[in-house]
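Colleague: A single structure is presented below for examination.
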Amino acid sequence: MNFNNKMTTLEEFIIQRQLDFPFASGELSNLLRDIGFAAKVVHREVNKAGLVDILGNFGAMNVQGEEVKKLDVYANEHFIASLRAGRECCGVASEENDDFIAFTDANSRNSHYVVLMDPLDGSSNIDVNVSIGTIFSIYRRRSKQGDLARSEDFLQRGTEQVAAGYVIYGSSTMLVYTTGKGVNGFTLDPSIGEFCLSNTNIRTPELGKVYSVNQGYYSKFPEGIRRFIDFCVEDDDATKRPWSMRYIGSMVADIHRNLIKGGMFMYPPTTDAPNGKLRLLYECNPIAFIVEQAGGMATDGYRRILDIEPTELHQRSPVYLGSRNQVEKASEFLQTYEARAKVGVKA
Ligand code: AHG
Ligand code: MN
Ligand code: MN
């Protein structure tokens, strides 16, 4: 056996990298470790979901007016309970809760961080054995240490994130995260129950050849996006078009594939949803941070996602992210056709 080839676990990696961080108190390391541990428990539940009565609709509606599935509830409660027990953050905001939760015990109140999360992303795929995920975003609090967390702690621009990541429960379970010094991926080895470093310093290809969008909404997209989709499917040798269309309906799974193989993901505005569907604080921002750290680009068609000043916990934003060539092209189409419409040019 070659002992020099020892694998690195997530916990070892977090500790090794702790000194890279300006406030290297260990608090952030512990917080990431708590999230990694909660992800293992959710992995276990996801994997046995077909065997126990945890599949199917919970019956309630979440704050977005969407149906809540049982696993959403489980993941939400479990992540919050783990973060509460870990006492390394002063509050959590989740897709599944109307308002943020401020932890009241003294240790949590004295901690420096808040966490925002989508505990279970792609929930419509739970019943059909398709990949789902968890997304998280971590900020340093703005309120005073010792106080209860306040909304200003959560309503921060994406550029202020100190760490962000996702877990994909797919053919294997992986945790991918960044603290602003590149992106690293860890694959869960279920036989030993550890996330092991598998993808070091992930870089996304600059030239993508895959686009991911719910093309069923074609007629509801702005004209620039319809023309961009026409461009994606056009025959052109120089840019290797037509590009392949891949859309799973779990953002985490679509992003993960495109991050590794190159490609772009978008959720544009529609006539029914003028700000798109995805939530800025716990879907767009953490994924944008990862994509940028991997060398890609993330915009709302006009601005960098990470520069958007949030005003509401559950605010939505259109999003275009992934390989640079494609994200730039989508914005170009969007802006050109918007400018044409303004001066009254007919399509
Ligand atoms: P969630 O399950 O957290 O509500 O998120 C689902 C999101 C995202 O994962 C996915 O890309 C998108 O919704 C799919 O929406 P459409 O069905 O409208 O394409
Ligand atoms: Mn989601
Ligand atoms: Mn969700």
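The values are calculated or read from the model by the stated rules, or taken from the named source; none is laboratory data. Keep in mind that what you see is a predicted model, and the values were worked out from it rather than measured. Please note: Cβ atoms are built from the backbone with ideal geometry, for glycine as well, and neighbour counts cover all protein chains shown. To get the accessible areas, we keep the full protein, side chains included, count just its heavy atoms, and leave off ligands, DNA and RNA. Shrake-Rupley method; radii C 1.70, N 1.55, O 1.52, S 1.80 Å.
Colleague: Would you work out which of Phe154, Val41, Asn110 lies farthest towards the positive end of the dipole of the range 10-199, given +1 charges on the beta-carbon of Lys and Arg and -1 on that of Asp and Glu, about the Cα centre?
Modeller: Of Phe154, Val41, Asn110, it is Asn110.
Colleague: Mean residue ellipticity at 222 nm from the helices of the chain, using -39,500 (n - 2.57) per DSSP H segment of n ≥ 4 over the full residue count, to the nearest 500 deg cm²/dmol?
Modeller: -9000 deg cm²/dmol
Colleague: Give Lys40/Lys70; Lys220/Lys329; Lys181/Lys261; Lys261/Lys329; Lys6/Lys240; Lys144/Lys277 a once-over and call out the pairs whose C-alpha atoms are over 29 Å from each other.
Modeller: Violating the 29 Å limit, Cα to Cα: Lys6/Lys240; Lys144/Lys277.
Colleague: Under a 10 Å cutoff between Cα atoms, tell me which one of Leu306, Leu334, Leu175 has the largest fluctuation in the Gaussian network model of the chain.
Modeller: Largest GNM mean-square fluctuation: Leu334.
Colleague: I've got another one for you. How much of the DSSP beta bridge set in the range 200-347 is antiparallel, as a percent to the nearest 5?
Modeller: Taking every DSSP beta bridge within the range 200-347, about 70 percent pair in antiparallel fashion.
Colleague: Apply the Karplus parameterisation 6.51 cos²θ - 1.76 cosθ + 1.60, with θ equal to phi minus 60°, to every residue of the range 25-31 and state each ³J(HN,Hα) to the nearest whole Hz, in sequence, with x for glycine and proline.
Modeller: 8, x, 5, 5, 4, 5, 5
Colleague: Another one. Treating the beta-carbon of each Lys and Arg as +1 and of each Asp and Glu as -1, no other charges, what is the dipole magnitude of the range 210-340 about its Cα centre, to the nearest 20 debye?
Modeller: Dipole size: approximately 240 debye.
Colleague: Using the Cα centre of the chain as the reference point, and only Cβ charges (+1 on K/R, -1 on D/E), how large is the resulting charge dipole? Debye, rounded to the nearest 20.
Modeller: Magnitude of the dipole: close to 620 debye.
Colleague: Taking the Cα atoms of the range 210-340, what is the range of coordinates along each of the three principal axes, in descending order and whole Å?
Modeller: 43, 34, 24
Colleague: How do 207-213, 311-317 rank on mean C-beta neighbours within 10 Å, highest first?
Modeller: 207-213, 311-317
Colleague: While we're looking at this one, here's another question. With a cut-off of 8 Å between alpha carbons and a minimum separation of six or more residues, what is the relative contact order of the chain in percent?
Modeller: In percent, rounded to a whole number, it is 15.
Colleague: In terms of modelled amide H atoms, which long-range or inter-chain residues lie less than 5 Å from the amide H of Gly91?
Modeller: For Gly91, whose amide H was placed from the backbone, the distant partners under 5 Å are Phe103, Val115.
Colleague: Sticking with this structure for a sec: With unit charges on the beta carbons (Lys and Arg positive, Asp and Glu negative) and the dipole taken about the Cα centre of the chain, which residue among Ile305, Asn214, Leu334 sits farthest to the positive side?
Modeller: Leu334
Colleague: With every protein chain in place, what's the accessible area of Thr173 (1.4 Å probe, Å², nearest 10)?
Modeller: It works out to around 10 Å².
Colleague: Percentage of Cα-Cα pair distances in the range 139-206 greater than 16 Å, rounded to whole percent?
Modeller: Of all Cα-Cα distances in the range 139-206, 60 percent exceed 16 Å.
Colleague: Send over the semi-axes of the range 10-199's equivalent ellipsoid, whole angstrom and largest first, taken as the square roots of 5 times the C-alpha gyration tensor eigenvalues.
Modeller: Calculated on Cα positions only, the semi-axes equal 26, 21, 13 Å.
Colleague: Between Arg316 and residues 5 or more places away or on another chain, which pairs have amide H atoms under 5 Å apart, with H built 1.01 Å from N, and which residues are they?
Modeller: For Arg316, whose amide H was placed from the backbone, the distant partners under 5 Å are Leu280.
Colleague: When the gyration tensor of the chain is built from Cα positions, what are the square roots of 5 times its three eigenvalues, in whole Å, from largest to smallest?
Modeller: Ellipsoid half-lengths, sorted descending, are 33, 23, 21 Å.
Colleague: Now a separate question. For Tyr320, Tyr247, what's the largest-to-smallest order of accessible area, 1.4 Å probe?
Modeller: I get Tyr247, Tyr320, largest accessible area first.
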